[in-house]
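Take a look at the structure below.
The values are calculated or read from the model by the stated rules, or taken from the named source; none is laboratory data. Given the structure is predicted, the values throughout are model-derived calculations rather than measurements. Neighbour counts are summed over all protein chains in view; Cβ atoms, including those assigned to glycine, are modelled from backbone coordinates with ideal geometry. These accessible areas exclude ligands, DNA and RNA; they are computed on the full protein's heavy atoms, side chains included. Shrake-Rupley method; radii C 1.70, N 1.55, O 1.52, S 1.80 Å.
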Amino acid sequence: MNQKKKIIIIFFGPPGSGKGTQAAMLGEYLKLPAISLGELFRRESLRKGKLAKTLKEIMSRGKLVPQEIVEDVMDKRLREKDARAGFILDGYPRKKIQLEKLSERLRKILKPDDHALAILVDVSDREVKKRLSKRRVCACGAAYHLEFKPPRQRGNCDFCGGRLITREDDKPEVIADRLKLYHKENKPLIKYWEKQGRLIRIRGEQAIGSVKKDIIAALKKELK
Ligand code: AP5
Ligand code: MG
């Protein structure tokens with residue numbers, strides 16, 4: 001792939017569709033940072049203070065974090081040096097105002113030959129529930145699945161050895177609320193990328209490796 005041009009990839013998909021899993025692998029492949037806003041918030045929520053408390057409370061209920069916090073965190077992260085050649089976003093934009101902010105940002109940083117593409121990982125609500133009920137995560141950001149992506153040592157992270165836990169928002173009642181919110185907010189965002197001819201749809205209900213292969217094959221066509 002031509003890596004001289006700036007590449008921006010935006011992952012869309014319901015909670016548990018595998019955005020984080022695929023964004024991290026694609027980041028390694030393209031040597032670009034994979035930025036998950038949810039992950040940045042989770043890390044912040046482990047600190048002390050008012051912001052951490054607010055984030056913990058909102059995220060445990062599966063609600064959206066207030067817009068001013070979102071843009072502030074996003075702004076700081078995208079100013080970091082590693083994002084200069086491009087970046088992969090997972091979980092942003094999540095509503096119309098965020099799409100407007102992102103479009104504004106892309107207008108400023110992209111040259112005509114650069115790439116900005118969206119990838120939708122298509123997964124049914126039924127599959128989401130199956131995946132999230134058996135997800136385990138580490139504070140370092142790594143995510144596992146007890147069946148489909150088990151850690152090498154039961155209960156511990158492959159990367160840092162940390163203890164694996166269930167995310168607060170992976171409780172069945174919170175999953176249902178997150179799915180409702182996703183279906184409500186996401187449609188216009190997908191439509192926007194589709195209308196521009198810059199949306200790649202990927203069949204998410206395949207093994208992790210097959211999803212990855214499909215994403216790379218689709219990107220190879222687009223990023224010539
Ligand atoms: P965030 O962390 O982004 O949560 P999400 O969008 O609900 O998505 P998930 O992280 O739950 O799922 P994923 O698609 O990344 O799937 P994963 O790869 O882990 O956001 C959390 C919260 O932060 C939000 O609720 C909100 O409060 C806040 N927030 C974030 N962004 C915001 C924004 N823009 N505005 C306002 N608030 C915001 O995979 C899931 C499981 O399935 C894992 O166990 C994995 O191992 C497994 N798996 C993955 N792929 C496969 C496969 N192909 N086959 C089988 N299993 C698979
Ligand atoms: Mg994620």
Antiparallel DSSP beta bridges within the chain, percent to nearest 5: 25 percent
Reachable lysines from LYS184, criterion Cα separation under 26 angstrom, eight or more residues apart if same chain: LYS19, LYS56, LYS63, LYS95, LYS96, LYS101, LYS129, LYS130, LYS134, LYS171, LYS195
Once fully extended, how much extra length lies between ILE216 and GLU57, figured as 0.36 nm per residue of separation less the alpha-carbon to alpha-carbon distance? 53.6 nm
Counting only protein heavy atoms with a 1.4 Å probe and every protein chain in place, the carbon and sulfur fraction of the accessible surface of the chain in whole percent equals 52 percent
Out of ASP72, ASP122, ASP82, a Gaussian network model of the chain with alpha-carbon springs under 10 Å gives the largest mean-square fluctuation to ASP72
So what's the back-of-envelope 222 nm ellipticity for the chain, counting only DSSP H runs of four-plus at -39500 (n - 2.57) apiece and dividing by all residues, rounded to 500? -15000 deg cm²/dmol
Classify region 1-152 as rounded, prolate or oblate from the Cα gyration tensor: take a ≥ b ≥ c as the square roots of its eigenvalues, call it rounded if a/c is under 1.5, otherwise prolate when a/b beats b/c and oblate if not. oblate
Using only the Cα atoms of region 1-80, build the gyration tensor, take square roots of its eigenvalues as a ≥ b ≥ c, and label the shape rounded, prolate or oblate: rounded if a/c is under 1.5, else prolate if a/b is larger than b/c, else oblate. prolate
Could you give the DSSP H helices of the chain that reach 18 angstrom or more along their long axis (alpha carbon positions) and whose average Kyte-Doolittle hydropathy is no lower than 0.0? 208-222
Cα-Cα pairs in region 55-121 separated by more than 21 Å, as a whole percent of all pairs, come to 30 percent
Average accessible area per residue (Å²) across region 73-224 - probe 1.4 Å, nucleic acids and ligands excluded: 61 Å²
Listed highest first by mean packing, meaning other Cβ atoms within 10 Å per residue, what order do 180-190, 151-161, 8-18 come in? 8-18, 180-190, 151-161
Excluding VAL174 itself, what net charge comes from residues whose Cβ is under 12 Å from its Cβ, given Lys and Arg +1 and Asp and Glu -1? +2
Indicate the gyration tensor shape class of region 160-224 (rounded, prolate or oblate), computed on the Cα atoms with a ≥ b ≥ c the square roots of the eigenvalues: a/c under 1.5 is rounded; otherwise a/b larger than b/c is prolate and the rest oblate. oblate
Using a cut-off of under 19 Å, list every residue of region 11-29 whose amide N is near the label point 7 Å from the Cα of GLU194 along the Cα-to-beta-carbon line. 11-15, 17
